[in-house]
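S.K.: Supplied in structure tokens, the structure appears directly below.
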Amino acid sequence: MVNKSNPFNFLKTQQSVTITNTKSDEKVQDEGHDVISRYTGHFGWWNFIWAFILSMYQMSVGFQIFAFSFQTQKKDFWCARPDDLKDTINVTTWKLMTNQSDYSCSMFYEGNHVKCDTFEFSDEIGHTIVQDFNLVCDRKNFLATIETCILVGSSIAPLFSGWLSDKFGRKLILMLSATIQLIVGTAIAFTTSLPLLMVLRFIIGYASLSVGILNAILVMELSSPKYRTIVGLINMMVAPVGNIVLALITYFLTDWRYIQLAISVPFVLILLLWYWIPQSPRWLLVMNKYDELIILMERMAKMNKKTLPNDLRMILEQTPKESEGETDSNNKINPVKIAFSKKYYITTISLIILFWTNVGMYLALSSHIVELGGNGSFNMGIAGAIELVITALAVIIALKLNLKLILLTAMISSAICCLLIMAVPQGHPFGVRVLGITAKCLIGAGHACISPYAAQMVPTHIRNFVYGLANFSAGISLIIVPYIWLLEDRIHHLPTTIMGIYGILGALGVILIRNKDKGDDKVK
């Protein structure tokens, strides 16, 4: 029984959780009162404090992925002056002499048309990756490749980080990933080799998304099952807060190397908490690590003002263990066969489409917000603030309505904004900026809901498989995004039009998902 004086009772939802029995269509109620929460409290001060601290990890994920847009901002360039002329000829005279304009890749020099190998850049913004590695003209496509490196690393993280955390524990793999993120993120700031930069960005992509995934898992497993959806949604609200902080960092720091240090080094403070960060009590129970679990439960109960029974160890040893994705009550099951069976295949395919489109749109709009015109840091800060408010409203609405309605509204409304950009007349960047920021904020609210919603739409025994498959499709979508933006040079509004189509397809995926496969889709 939850203590009525618990200050966190407002998080509790009124709907009960239902799961589908593996042998029949009869729905049985998930008690939500697992043995750990029964004796330590469902969501008290201990749960709140650690959920808050661990949620800070989510900032580091967005930092490493979205900072690239600021580190590669466009700036004027032209064919470089020979070293012996730099002191005698200014830039304006040099451009006139060689028939150059801004963004020139060739020039007329000594009577010949010359293709340039080296370039000079304006001082309008700080030092960028483009400037350090001459990523212009024929080398411009390297930008998409460098960005893809971190996304490839991110795409394979779901395939391994979950398995490793199941085997070795959430805490260990989370902290190792955070350590790699810190070391590699700092090393990137001192990199002078383009191949090495690509390798390091691949590694940090893997480490960063592992941090994001394992952080979300650990935060939810520290609370009672009945609070997990809401706790997961609140955990995702840290992402727009991170965007606001990133906007402030990039406003005051313009050199890409300083930005890289600023988004990496401060997270050493989190590593200092390694000893105190708790292991997942649910993982300890499943792994039969009763001594560690009892010590942890004593800490939880003390702060939550609960009393543990004297025979706690015996109670824990007699608690049935979950066997998600492996067995039903009697026989081994094949998650692949079940996920694509007549009963579930529409839901499985729809979730794959939903993750592909939602995650692809969120990255595409978030990473390109710097290029919408005006000050990129201002764009990011305003978008982060609006997204935070919209996501908070989505959480509140989710308490009364359901995630499907929120997700469907987010997909459709963001798609409309992207498609309306085509109608903005040339020379009106403000309209493009407003629609782009609005689309980014709306899809951000949907992005916060997508994981909890997916978890509700499939039964326990195939949830890990379907969720992993959907995340893998999202990873492939992320890899494609940088190359979609390259189409902007050919047809200016083609990338945002593609994002609009993504939104429509994602909305269709939400509509096709069969609620009857997983029962009621209201927040649990």
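S.K.: Collect the residues in the stretch 258-316 that are among the hydroxyl-bearing types (Ser, Thr, Tyr), more than 24 Å from Ala207 (Cα to Cα) and open to solvent by less than 30 Å² (accessible area, probe 1.4 Å), keeping them in residue-number order. Outline the logic, then answer.
M.R.: Of the stretch 258-316, the ones among the hydroxyl-bearing types (Ser, Thr, Tyr) are 258, 264, 275, 280, 290, 307.
Of the ones still in play, those that are also more than 24 Å from Ala207 (Cα to Cα) are 290, 307.
Hit for the stretch 258-316 is Tyr290, nothing else.
S.K.: Further question: Residues of the stretch 207-228 being of a type in the set (A, V, I, L, M, F, W, C), closer than 16 Å to Trp46 by Cβ and either in contact (Cβ under 8 Å) with a residue 40 or more places away in the chain or in contact with a Ser or Thr (Cβ under 7 Å, 6 or more places away or on another chain) (or both), which ones?
M.R.: Residues satisfying the conditions are Leu218, Val219, Leu222.
S.K.: Let me ask another. Give the stretch 55-92 a look and list any residue that's of a type outside the set (Lys, Arg) and open to solvent by 60 Å² or more (accessible area, probe 1.4 Å), or say none.
M.R.: Asp83, Asp84, Asp87, Thr88, Asn90, Thr92
S.K.: Check whether at least one residue in the stretch 201-210 is hydrophobic (A, V, I, L, M, F, W, C), open to solvent by 40 Å² or more (accessible area, probe 1.4 Å), over 23 Å from Asn141 (Cβ atoms) and within 18 Å of the chain's Cα centre (by Cα), and report yes or no.
M.R.: yes
S.K.: Starting from residues that are open to solvent by less than 40 Å² (accessible area, probe 1.4 Å) and free of Cβ contacts under 8 Å to residues at least 40 places away in the same chain, keep the ones in the stretch 107-133 and report whichever is farthest from the chain's Cα centre (by Cα).
M.R.: Among them, the one singled out is Met107.
S.K.: With the checklist (1) open to solvent by 10 Å² or more (accessible area, probe 1.4 Å); (2) touching a residue at least 12 places away in the same chain (Cβ under 8 Å); (3) assigned to a helix (DSSP H, G or I) in hand, flag the one item Phe190 doesn't pass.
M.R.: Answer for Phe190: the failing condition is (3).
S.K.: Which of the residues that make up the stretch 171-186 are open to solvent by 40 Å² or more (accessible area, probe 1.4 Å) and within 23 Å of Ala262 (Cα to Cα)?
M.R.: Leu176, Ile180, Ile183, listed by residue number.
S.K.: Regarding Ala178, is this residue touching a Ser or Thr at 6+ places or on another chain (Cβ under 6 Å), part of a helix (DSSP H, G or I) and at pLDDT below 95? Spell out how you get there, then give the answer.
M.R.: Working: touching a Ser or Thr at 6+ places or on another chain (Cβ under 6 Å): no; part of a helix (DSSP H, G or I): yes; at pLDDT below 95: yes.
No: the conditions fail for Ala178.
S.K.: When you go through Ile450, Ile498 one by one, which is the residue that is under 15 Å from Ile213 (Cβ atoms), assigned to a helix (DSSP H, G or I) and either open to solvent by less than 40 Å² (accessible area, probe 1.4 Å) or at pLDDT below 85 (or both)?
M.R.: The conditions single out Ile450.
S.K.: Next question. Within the stretch 424-434, does at least one residue satisfy the condition of being modelled with pLDDT of 80 or more, under 27 Å from Ile349 (Cβ atoms), open to solvent by less than 50 Å² (accessible area, probe 1.4 Å) and among the β-branched types (Val, Ile, Thr)?
M.R.: no
S.K.: Any idea how many residues of the stretch 80-134 are outside any loop (DSSP other than H, G, I, E, B) and not polar (S, T, N, Q)?
M.R.: Matching residues across the stretch 80-134 total 21.
S.K.: Kindly indicate which of Leu393, Leu405, Leu365 is of a type in the set (A, V, I, L, M, F, W, C), touching a residue at least 60 places away in the same chain (Cβ under 8 Å) and either in a helix (DSSP H, G or I) or buried (at least 18 other Cβ atoms within 10 Å of the Cβ) (or both).
M.R.: Step by step, each of Leu393, Leu405, Leu365 is checked, and only Leu365 is of a type in the set (A, V, I, L, M, F, W, C), touching a residue at least 60 places away in the same chain (Cβ under 8 Å) and either in a helix (DSSP H, G or I) or buried (at least 18 other Cβ atoms within 10 Å of the Cβ) (or both).
S.K.: Where in the stretch 241-316 are there helices (runs of 4 or more DSSP H), lying fully within it, with 3 or more residues that are at pLDDT below 90?
M.R.: Counting at least 3 such residues, we get 268-271, 281-286.
S.K.: Could you identify the single residue in Leu399, Leu420 that is part of a helix (DSSP H, G or I) and either among the aromatic types (Phe, Trp, Tyr) or at pLDDT 80 or above (or both)?
M.R.: Leu420
S.K.: Another question about this same structure. Considering each of Ile183, Ile173 in turn, give the residue that is more than 30 Å from Tyr483 (Cα to Cα), of a type in the set (A, V, I, L, M) and in a helix (DSSP H, G or I). Step through it out loud before you land on a result.
M.R.: Values: Ile183 fails: more than 30 Å from Tyr483 (Cα to Cα).
On inspection, the qualifying residue turns out to be Ile173.
S.K.: Any chance you could count how many residues in the stretch 38-54 are among the small types (Gly, Ala, Ser) and either under 14 Å from Lys305 (Cβ atoms) or open to solvent by 30 Å² or more (accessible area, probe 1.4 Å) (or both)?
M.R.: 2
The values are calculated or read from the model by the stated rules, or taken from the named source; none is laboratory data. If you're wondering where the values come from, they're calculated on a predicted model, not measured in any experiment. Positions of Cβ are backbone-derived with ideal geometry, glycine not excepted, and every protein chain shown enters the neighbour counts. Calculation scope for accessible area: heavy atoms of the full protein, side chains included, ligands and nucleic acids excluded. Shrake-Rupley method; radii C 1.70, N 1.55, O 1.52, S 1.80 Å.
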